[in-house]
Each structure stands twice: as structure tokens, then as C-alpha cells.
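Engineer: Before I ask anything, here is the structure I am working with.
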Amino acid sequence: GDSVTQMEGPVTLSEEACLTINCTYTATGYPSLFWYVQYPGEGLQLLLKATKADDKGSNKGFEATYRKETTSFHLEKGSVQVSDSAVYFCALDSGAGSYQLTFGKGTKLSVIP
Amino acid sequence: EADIYQTPRYLVIGTGKKITLECSQTMGHDKMYWYQQDPGMELHLIHYSYGVNSTEKGDLSSESTVSRIRTEHFPLTLESARPSHTSQYLCASSSGGLGGYTFGSGTRLTVV
């Protein structure tokens, strides 16, 4: 079945450091890929998405590129801020009519001043 | 503004009480979901619905029940709460397209 593996946290970075959170997936067919962010005490919010190979999703300075050859969708940001402290979830939609997202286990990011 | 609402945000109740967690969305989405989120942040699907009068259990066994009498409303009920039910409960909805899910803000339940 479908699965998503993302790097375990927690990840602690200093402000203005570079961020990479690794995400790899296993899926049949041609999935769509998502990154969600969960700020403390809140629900999940869609951060970015990509629906086909080589697509790059971007939002709020975050980027992720859909790499079919490596089955990856790594989240990157060039300069993190304290306000980026949150839990990040990678997810996929297999597009096979299941209507269910498969989520990774989440990576907690803490950014210190 | 289209959105998804969960009430209450926080709830502390005694063991054995019956509770209902509310979830409503204004987007006309057919698909709705309930997740339980453990302290380690992992999400566990406990119920889902693909339309009115359609409900299914998810991957994680749960003693809760759900109903879907109206498209916009998907309440979750615990008949007899126990301390093991203490958790964060997240509701989500989807149109089934490539837009992913829209999540509510969650209900943090504590059973004492």
C-alpha cells in the first residue's frame, strides 16, 4: 500500500539557518504530494502541493519539488524564522479514487533566536 | 468565508460521561474525516464519510461513533468517556479533487 516516510524530529535550528525536511513515498500510479504545517494548538494547514512529476510547490518561502525518479518531495527553506516553529507533515493522494491522504508521522521544527 | 469549524476547542470531562464533538463545514464538501492525534503528533484516521448517510471506520479502532445526516455536519460521539480517550481530535473535509484536505482547529479532550 501507499506510505510516506519523513525524517524524524525534533529538528532545532537557529534563526536564518537553512531547512531541509526529507520526505520519500511509496505509491502506485501517479500520486499528488502535499506538505501540511501545524502550528501549536492549531489544526493542519496546507503549505504547498505538487500534482505531477517535476512540479515545484512553493509558499511562504518554502519549496518542494516532486521527484519521481527518487520518489521524494523534500521540504526546503533558505532562511527560517522563529515563526516557522511548527510540526510539518508530508502527505500523498494516490489519485486512485481512494479520497484519503496518507500522512507521514510529522517532523517537529523549533527555531531559536 | 468557506471554512471548517470544530467545537469545543478544549473540553475536560469526567470518566463515564457522554460527549459529542462537533464539526461543520461551509464548503459543500462530500468527504469528511476524523483523526485522532497522539502526543507524538502522528495522525490516526478513526472515521470517514463520503456523503450523507455514509460512514466508515478508519484505520485506528475507536470506541467513538459518527453520523452524517447533513452534508455540512459530521459529529463524533463518545458514549462513555475514559482517560484513554484523552487526545486531540481533528476534523477535515475534502472535495475529492487534488486540493487535499481542509482541517478544523481541533478539539483537545481531557478525560479525568
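The values are calculated or read from the model by the stated rules, or taken from the named source; none is laboratory data. Since this is a predicted model, take the numbers as computed values, not measurements. Ideal geometry is used to build each Cβ from the backbone, glycine not excepted, and the neighbour counts take in all protein chains shown.
Engineer: Filter segment B:62-84 for residues that are outside any loop (DSSP other than H, G, I, E, B) and among the aliphatic types (A, V, I, L, M); which is surrounded by the most Cβ atoms within 10 Å (Cβ to Cβ)? Walk me through how you get there before you give the answer.
Structural biologist: Start the filter on segment B:62-84 by keeping residues that are outside any loop (DSSP other than H, G, I, E, B), which leaves B:65-66, B:70, B:73, B:76-78, B:83-84.
From what's left, among the aliphatic types (A, V, I, L, M): B:66, B:76, B:78.
Values: B:V66: 24, B:L76: 22, B:L78: 20.
So the residue we want is B:V66.
Engineer: Now a separate question. For A:E42, are the conditions met, namely being modelled with pLDDT under 95, part of a loop (DSSP other than H, G, I, E, B), touching a strand residue (DSSP E or B) at 6+ places or on another chain (Cβ under 8 Å) and within 12 Å of chain B (Cβ to nearest Cβ)?
Structural biologist: On the way: modelled with pLDDT under 95: yes; part of a loop (DSSP other than H, G, I, E, B): yes; touching a strand residue (DSSP E or B) at 6+ places or on another chain (Cβ under 8 Å): no; within 12 Å of chain B (Cβ to nearest Cβ): yes.
No: the conditions fail for A:E42.
Engineer: Which members of segment A:54-113 meet the condition of being β-branched (V, I, T), part of a loop (DSSP other than H, G, I, E, B) and touching a residue at least 60 places away in the same chain (Cβ under 8 Å)?
Structural biologist: Here is the first cut: in segment A:54-113, the residues β-branched (V, I, T) are A:65, A:70-71, A:80, A:82, A:87, A:102, A:107, A:111-112.
Now drop any that are not part of a loop (DSSP other than H, G, I, E, B), which leaves A:70-71, A:80.
A:V80 - this is the single residue of segment A:54-113 that is β-branched (V, I, T), part of a loop (DSSP other than H, G, I, E, B) and touching a residue at least 60 places away in the same chain (Cβ under 8 Å).
Engineer: Still on this model: Which condition does B:D59 not pass, out of (1) part of a loop (DSSP other than H, G, I, E, B); (2) within 12 Å of chain A (Cβ to nearest Cβ); (3) within 13 Å of the chain's Cα centre (by Cα), if it passes all the others?
Structural biologist: For B:D59, the exception is condition (3).
Engineer: Another question about this same structure. Under the condition of being of a type in the set (S, T, N, Q) and part of a strand (DSSP E or B), which residue from segment B:20-49 is farthest from the other protein chains (Cβ to nearest Cβ)? Don't jump to the end; show me each part of the working.
Structural biologist: Filtering segment B:20-49 for residues of a type in the set (S, T, N, Q) gives B:20, B:24-26, B:36-37, B:49.
Keeping just the survivors that are part of a strand (DSSP E or B) gives B:20, B:24-25, B:36-37, B:49.
Numbers: B:T20: 19, B:S24: 14, B:Q25: 12, B:Q36: 12, B:Q37: 9, B:S49: 10 Å.
Selected residue: B:T20.
Engineer: Out of contact with any helix residue (DSSP H, G or I) (no Cβ under 8 Å at 6 or more places or on another chain), within 25 Å of A:G9 (Cα to Cα) and not in a strand (DSSP E or B), is that true of B:G16?
Structural biologist: On the way: out of contact with any helix residue (DSSP H, G or I) (no Cβ under 8 Å at 6 or more places or on another chain): yes; within 25 Å of A:G9 (Cα to Cα): no; not in a strand (DSSP E or B): yes.
When the stated conditions are applied, B:G16 does not pass them.
Engineer: So, in segment B:62-112, of the ones that are within 8 Å of chain A (Cβ to nearest Cβ) and of a type in the set (S, T, N, Q), which residue ends up nearest to B:K31 (Cα to Cα)?
Structural biologist: Only one residue fits best here, namely B:S94.
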